[in-house]
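Input: a single structure, listed below in structure tokens.
The values are calculated or read from the model by the stated rules, or taken from the named source; none is laboratory data. No experiment lies behind these values; they were computed from the predicted model shown. Don't worry about glycine lacking a Cβ; one is built from the backbone with ideal geometry, like all the others, and counts go over all protein chains shown. For the accessible areas, the whole protein counts, side chains as well, though only heavy atoms, and no ligand, DNA or RNA atoms are used. Shrake-Rupley method; radii C 1.70, N 1.55, O 1.52, S 1.80 Å.
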Amino acid sequence: MSIRPVLPTDHAALLKLWQRTPGICIRPEDAYAPFCRYLSRNPGLSLLVEDQGQLAACLLAGHDGRRGYLQHLVVDAPWRGRGLARQLLDQVLARLAEQGVNKAHVFVLREGPDALAFWQGQPGWAEREDIQVFSTRSV
Ligand SMILES: CC(C)(COP(=O)(O)OP(=O)(O)OC[C@H]1O[C@@H](n2cnc3c(N)ncnc32)[C@H](O)[C@@H]1OP(=O)(O)O)[C@@H](O)C(=O)NCCC(=O)NCCS
């Protein structure tokens with residue numbers, strides 16, 4: 001099992017993983033060109049786990065110079081419950097901290113089957129009750 005930064009050439013395998021994972025929404029920004037733009041804006045921050053050449057897990061991460069933002073945390077079903085999500089989180093947060101970013105946010109869909117329970121149980125993370133998120137409407 002090894003953890004390494006996500007590369008543009010990982011796009012096809014990642015997209016397949018996201019598409020088959022309940023609770024993960026595919027957006028126009030998950031297409032190849034915006035995916036590559038995101039990686040080059042945030043070098044070395046998005047990570048994946050490989051097990052004997054097979055994609056097992058991933059986490060996309062970026063920052064705006066002030067806060068980190070995490071997206072698409074997925075551990076493929078056969079590899080769940082082995083601490084991979086925790087390892088990815090720890091490594092991504094350490095990499096953000098190396099760049100002076102000491103706080104991160106994740107937006108979690110309420111209807112995701114695993115997501116809310118997972119995040120509610122993570123030490124060092126707190127659900128925000130003082131913030132309501134507003135977003136521009138999709139075009
Ligand atoms: C949520 C998900 C990433 C967890 O991955 P995982 O590798 O199985 O998680 P880990 O083994 O690292 O678990 C870390 C801790 O979280 C807990 N945990 C894991 N999944 C959980 C769940 N669904 N509900 C509650 N707690 C959970 C584990 O018990 C463990 O706690 P412990 O350290 O006290 O034992 C995985 O189930 C998944 O990919 N789900 C589908 C996609 C998804 O919903 N992603 C989140 C998008 S925001």
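Here are some notes:
- Taking every DSSP helix (H) stretch of at least 4 residues in the chain, weighting each as -39,500 (n - 2.57) and dividing the sum by the residue count yields a mean residue ellipticity at 222 nm of -8500 deg cm²/dmol.
- Hz values of 3J(HN,Hα) by residue in segment 84-100 - Karplus curve (6.51, -1.76, 1.60), Gly and Pro given as x: 5, 4, 4, 5, 4, 4, 4, 5, 5, 5, 5, 5, 5, 4, 4, 9, x
- Packing-based ranking of 122-129, 100-107 yields 100-107, 122-129, ordered from highest to lowest mean Cβ neighbour count within 10 Å.
- Karplus-derived HN-Hα couplings along segment 6-14 (A = 6.51, B = -1.76, C = 1.60, θ = phi - 60°), whole Hz, x at Gly and Pro: 5, 10, x, 5, 7, 4, 4, 5, 5
- Summarising the amide proton neighbourhood of Ala104: residues at separation of 5 or more, or on other chains, whose placed amide H is nearer than 5 Å comprise Gly68.
- Per-residue Karplus couplings for segment 130-136, computed as 6.51 cos²θ - 1.76 cosθ + 1.60 with θ equal to phi - 60°, are listed in order as 9, 10, 10, 8, 10, 10, 5 Hz, Gly and Pro entered as x.
- Solvent-accessible surface of the chain, taken per residue with a 1.4 Å probe and all protein chains present: 65 Å².
- Spatial separation of Cα centroids for segment 90-116 and segment 1-28, in angstrom: 16 Å
- Relative contact order of the chain, defined on C-alpha pairs under 8 angstrom at six or more residues apart (%): 21 percent
- For the chain, alpha-carbon Rg and Dmax in angstrom: 14.6, 44
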